[in-house]
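Report on the following structure.
The values are calculated or read from the model by the stated rules, or taken from the named source; none is laboratory data. Computed from a prediction, not measured in an experiment: that's the story for all the values here. With ideal geometry, Cβ positions are generated from the backbone for all residues, glycine too; neighbour counts draw on all protein chains shown.
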Amino acid sequence: MLNRVLLSTVALLLAACSQTAEFHRPPAPIPQNWPTDLNILGQQDATKTHWRAFFTDPRLQALIEAALENNRDLRIAVARVKEARAQYGIVRADKLPSVNLLGSGSFLQTPSDLSGVGVPLSSERYDLNLSSVSFEVDFWGRIAGLTESARNSYLATEEAQRAVQLSLVSDVASAYFTLLQMDTLAALTRDSVALRAQTLVLVGKGRDLGGAYDFEFQQASGILDSTRAALDSIEHQRAVASNRLNFLVGSFPSDLPTGRSLDEQGLDADLAPGVPGEVLLLRPDVIAAEQRLLSAHANIGAARAAFLPKVLLTAGLGVASQGLLGLLGGGAWSFQPAISLPLFDGGRLAAGVDMAEARKVIAVAEYEKTIQLAFREVADALSARTSLSKQLKAAVSNEKSQDKRLEIAQARYNAGLISFLEVLDGQRELVASQQITAQVRRAQLESAAQLYKALGGGKSYENRTGGA
């Protein structure tokens, strides 16, 4: 009989070893290489580049620093990390026995007609126990599986916080570049308004002297009005960009250092995208998705282990006495092992396994989708880098051509060879080319920030779980 019991125990232990299968990372459902038409050359590894080394504008650095301190989305992410850490601590505590110190006293008064001896009887008892309440011996790994699941959920939340940090850094940079673009456009448009006003005065004087036609004066007046309207629109867009930046930063610093212009940002250093299957696995959102997958995988083992017997131990060690003064003299102990095996539960445990397996299927799909999205974001950013580099060269060349054209038109007008309409047209084309250059330069800077984010950014963020 004893041999049968031992054999059964060994069989159950061997079965328990197979409750949680070994985890294998799903293959990345993406191409092995980036599209061949993209510029994949670069000098810097984004995952090893801190945001301070990438965004070198002192004013932008101060804004990013303030955002990491004050942004509400980041505060929520930090709080979620603390919540997940606490949940992991709660689950992990189930692996250890719960020890309590219990003290009690009981007092009994029996009336004379019930005492059996004709006189009332009284009794009292005092107990002091050090007890372990319902400690489950984790033979089959059920609690270990739940603990591992909670740990992976905590790690996923930590990576999600990093993803929020990285997105915040990129978003602040993009908003800052947009604000710089609006400042540049506003300055160009103000200069254009002043120039249009001077032109209108000159055309008016020429009309009065018979050197210009009335329709030229009306055209110059209309161009001035449209330029003023454009300035109003740009100032509104600047206010919107400033409000967005304020929202991201949370609490705008009052002593910001002097910043650089749009042309002086210095994000010309190309980031190296590396091999897709390697670099994308370093992104915090991909790591978080993998940790959630590991958590779902561990839950399957815990759900399967619930079919096996549970061994509960309850032990107590204490003292008891009928008198308080003699309490320490009377030793007492108890040991109550118990085993429970589910026989019929209406399919509850089987449904629990099915649910855990279904959640793992969902986690696998979400993990694969995250990698696919990461690949697309990097490919889009690389394409933008290639295209915008060519666009900027063309825009700068066009601006130089328009500036030269206006210079020639002004000289020809001064010589009386052309009408002032051609000068006005040259001024308009120059301002338009300058605006296009500013727009393309801002787009190029923003694409660099997005590529930094898409490649996973630097891992050397400050630990802000206490103050952010």
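Going by the structure shown, is Arg385 assigned to a helix (DSSP H, G or I) and surrounded by 18 or more Cβ atoms within 10 Å (Cβ to Cβ)?
Criteria met by Arg385.
Which residue out of Ala363, Ala358, Ala395, Ala409 is within 30 Å of Ala163 (Cβ to Cβ) and either in contact with a helix residue (DSSP H, G or I) (Cβ under 6 Å, 6 or more places away or on another chain) or charged (D, E, K, R) (or both)? Walk me through it before giving the result.
On the way: Ala358 fails: either in contact with a helix residue (DSSP H, G or I) (Cβ under 6 Å, 6 or more places away or on another chain) or charged (D, E, K, R) (or both); Ala395 fails: within 30 Å of Ala163 (Cβ to Cβ); Ala409 fails: within 30 Å of Ala163 (Cβ to Cβ).
Being within 30 Å of Ala163 (Cβ to Cβ) and either in contact with a helix residue (DSSP H, G or I) (Cβ under 6 Å, 6 or more places away or on another chain) or charged (D, E, K, R) (or both) holds for just one of Ala363, Ala358, Ala395, Ala409, which is Ala363.
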Subset of segment 408-449 [more than 20 Å from Phe217 (Cβ to Cβ) and of a type outside the set (A, V, I, L, M, F, W, C)]: Arg412, Glu429, Ser433, Gln434, Gln435, Thr437, Gln439, Arg441, Arg442, Gln444, Glu446, Ser447
Tell me, which helices (runs of 4 or more DSSP H) lie completely within segment 1-99 with 2 or more residues that are modelled with pLDDT under 70 and over 20 Å from Ala448 (Cα atoms)? 2-17, 72-92
What pairs come out if I take residues in segment 216-232 that are more than 13 Å from Arg190 (Cβ to Cβ) and modelled with pLDDT under 90 and pair them with residues that are β-branched (Val, Ile, Thr) and in a helix (DSSP H, G or I) whose C-beta lies under 6 Å away, six or more apart or interchain? Glu216/Val203; Phe217/Val203; Ala220/Thr199; Ala220/Val203
Anything in segment 213-241 that is among the hydroxyl-bearing types (Ser, Thr, Tyr) and part of a helix (DSSP H, G or I)? List them, or say none. Ser221, Ser226, Thr227, Ser233
Name the residue, out of Val361, Val319, that is part of a helix (DSSP H, G or I) and either within 31 Å of the chain's Cα centre (by Cα) or at pLDDT below 65 (or both). Val361
Under 6 Å by Cβ, and 6 or more places apart or on different chains, what pairs join a residue from segment 374-393 that is under 23 Å from Glu290 (Cα atoms) with one that is in a helix (DSSP H, G or I) and not hydroxyl-bearing (Ser, Thr, Tyr)? Ala374/Leu280; Ala374/Val286; Phe375/Pro276; Glu377/Ala454; Val378/Ala454
Condition broken by Ile143, with the remaining ones in (1) in contact with a Lys or Arg (Cβ under 7 Å, 6 or more places away or on another chain); (2) among the β-branched types (Val, Ile, Thr); (3) at pLDDT 70 or above satisfied: (3)
When residues of segment 441-468 are limited to those that are surrounded by 15 or more Cβ atoms within 10 Å (Cβ to Cβ) and hydroxyl-bearing (Ser, Thr, Tyr), the one modelled with the lowest pLDDT: Tyr461
Quick one: in segment 206-246, which of the residues that are of a type in the set (Phe, Trp, Tyr) and surrounded by 14 or more Cβ atoms within 10 Å (Cβ to Cβ) is nearest to Leu180 (Cα to Cα)? Phe217
Counting just the residues of segment 264-282 that are touching an Asp or Glu at 6+ places or on another chain (Cβ under 9 Å) and of a type outside the set (Val, Ile, Thr), which one comes out surrounded by the most Cβ atoms within 10 Å (Cβ to Cβ)? Leu271
Going by what's in this entry, would Leu179 be described as buried (at least 21 other Cβ atoms within 10 Å of the Cβ) and at pLDDT 90 or above? yes
Looking at segment 247-263, which of the residues that are of a type outside the set (Gly, Ala, Ser) and free of Cβ contacts under 8 Å to residues at least 60 places away in the same chain is surrounded by the fewest Cβ atoms within 10 Å (Cβ to Cβ)? Asp255
